[in-house]
Amino acid sequence: MSARAPIREKIYGLRQRQRTDGSWRIWWEPRPADKDRGFSVVELDAKRLSWSERQAKQLAAEAQRAAKGEAAPVRRGGRTIEALVELYKKDPEYLDKKPATRRSYDGNLRVIIAKWGDELVTDFSKPMMREWYLACLEGRGHHMAVSLIRQMSILFSFAELKGWRAEDSNPCFRLKMKTPPRGSRITTWEEVDALLDASAELGLRSIGVAVLMGLLQGQRLTDVIEAQVGDFWQVPMEDPPIMLWAWKVDRSKRATLGMMQLHPIAEERILPMREGKDNRARLLTDERTGADYHQDLFWERWNEVRSKAAETCPSIAAEGNTLQFRDLRRTFGVWARAGGASDGDVADVLGNSADEDAALQETYMPPNFATASRAVMKIARPEKKERKTA
């Protein structure tokens, strides 16, 4: 018979498990829908049961409020981490960032508040942050560990600006963090076909178009779902004298402008999505509700299409190697380079090397269009091999 859990009260998301040595692991674990809203696993402390119980209840309440679209209240009282976060989110330092960046920050800030919310800003030291980094490294992985420490560093630098910490006292500087390993998953044409077939079968053709916009145009999800009808227009070319369909994108993460020719495979599916819509309308809308896509709705539909596609192409959902939407952008780079595109041409599509001088972006639009288009058009679908007959 197993021992009774330390926390008796049933709390949404609370998990407790006894280890083989008799000690207890206590943590709060979000459900899949909560994860899509930015919540993640939070480790609690079996040696501080009252504190752990309070934290679990707070996280449960925040998750339930987020599910209803309500903002979570912030506790007040002294110069705590939670009070600092509240102050930070009212400052232009946070408000001037792109919506996609703020959403990423919000997920990290929820984890930070759950762990450190009641702690005073002045109580943090470099050894303290180093120990938390190592704990996150073990429990959350490289990417999340580095992301959380960087978020804490942003907060402590902001605290210095507000006079809450002494100048040059950021405890997150020079922690000897390991560089997270880069993702390596790329997709295959077989997987792409399965996704397109599944999206059509489910009546979710917009998801199939989103796949091609990420795969053949190399753009992030936020820029795909926020693309407007008027962002796609015909560009006159002189040599030869023809009109080309192009996509002008104002990239959400790096605030860089880009314009590129539409790949013929993507063009074939994008143009019908424009019909009957105002230029300011979203290109992609949910077929079932007619609503514009937001992150939660898109992930819900994407997961459905991916699961359906995995029925005919199991590699899409291979254990430990499930295809993610972000892998499509990586695949673009690999395929374009394999087709002969230069690193510079590929970078013009991805938009991650042209942000040194925002004032010159409009000036460099014409050459960027040519180089970005070259990279897009380097992707060619391999011809299907015909079976030999005896």
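So which helices (runs of 4 or more DSSP H) are wholly in region 83-157 and hold at least 2 residues that are exposed (fewer than 14 other Cβ atoms within 10 Å of the Cβ)?
On the way: elements: 92-95, 99-116, 126-140.
It comes to 92-95, 126-140.
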Response to the item:
Among LYS90, LYS126, LYS115, the single one that is outside the structural domain of ARG25 (by TED's automatic domain parsing) and at pLDDT below 90 is LYS115
Discussion item. I need the full set of residues from region 303-342 which are over 15 Å from GLN219 (Cβ atoms), touching a helix residue (DSSP H, G or I) at 6+ places or on another chain (Cβ under 8 Å) and part of a helix (DSSP H, G or I), in order please.
Written reply: VAL305, ARG306, SER307, LYS308, ALA309, ALA310, SER315, ILE316, ALA317, ARG337
Fill in: Per-region count, region 177-205, residues buried (at least 16 other Cβ atoms within 10 Å of the Cβ) and at pLDDT 95 or above
11
Worksheet item: What residue, among those in region 206-223 that are under 16 Å from GLU300 (Cα atoms) and under 16 Å from the mean Cα position of the chain (by Cα), is surrounded by the fewest Cβ atoms within 10 Å (Cβ to Cβ)?
Response: THR222
Fill in: Hits in region 7-55 - residues which are part of a helix (DSSP H, G or I) and under 22 Å from GLU119 (Cβ atoms)
LEU49, SER50, TRP51, SER52, GLU53, ARG54, GLN55
Worksheet item: Yes or no: SER169 more than 30 Å from PRO382 (Cβ to Cβ), touching a Cys at 6+ places or on another chain (Cβ under 6 Å) and among the polar types (S, T, N, Q)?
Response: no
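Listed here are the residues, each with its yes/no results for (1) more than 16 Å from LEU215 (Cβ to Cβ); (2) part of a helix (DSSP H, G or I).
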residue: GLY230; (1), (2): yes, yes
residue: TRP233; (1), (2): yes, no
residue: GLU238; (1), (2): yes, no
residue: TRP245; (1), (2): yes, no
residue: LYS248; (1), (2): yes, no
residue: ARG269; (1), (2): no, yes
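Given the options ASP168, ASP197, name the one that is of a type in the set (Asp, Glu) and part of a loop (DSSP other than H, G, I, E, B).
Values: ASP197 fails: part of a loop (DSSP other than H, G, I, E, B).
After ruling out the rest, the residue left standing is ASP168.
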Worksheet item: Hey, any hits in region 121-133 for a residue that's under 20 Å from the mean Cα position of the chain (by Cα) and under 22 Å from LYS90 (Cβ atoms)?
Response: no
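Can you pull out every residue in region 17-30 that is free of Cβ contacts under 8 Å to residues at least 24 places away in the same chain and within 31 Å of the chain's Cα centre (by Cα)?
Of everything in region 17-30, those that are free of Cβ contacts under 8 Å to residues at least 24 places away in the same chain and within 31 Å of the chain's Cα centre (by Cα) turn out to be ARG17, ARG25, TRP27, GLU29.
The values are calculated or read from the model by the stated rules, or taken from the named source; none is laboratory data. In this text, all values refer to a predicted model and were calculated from it rather than measured experimentally. Counting neighbours? That spans all protein chains shown, and the Cβs are built from the backbone with ideal geometry, glycine included.
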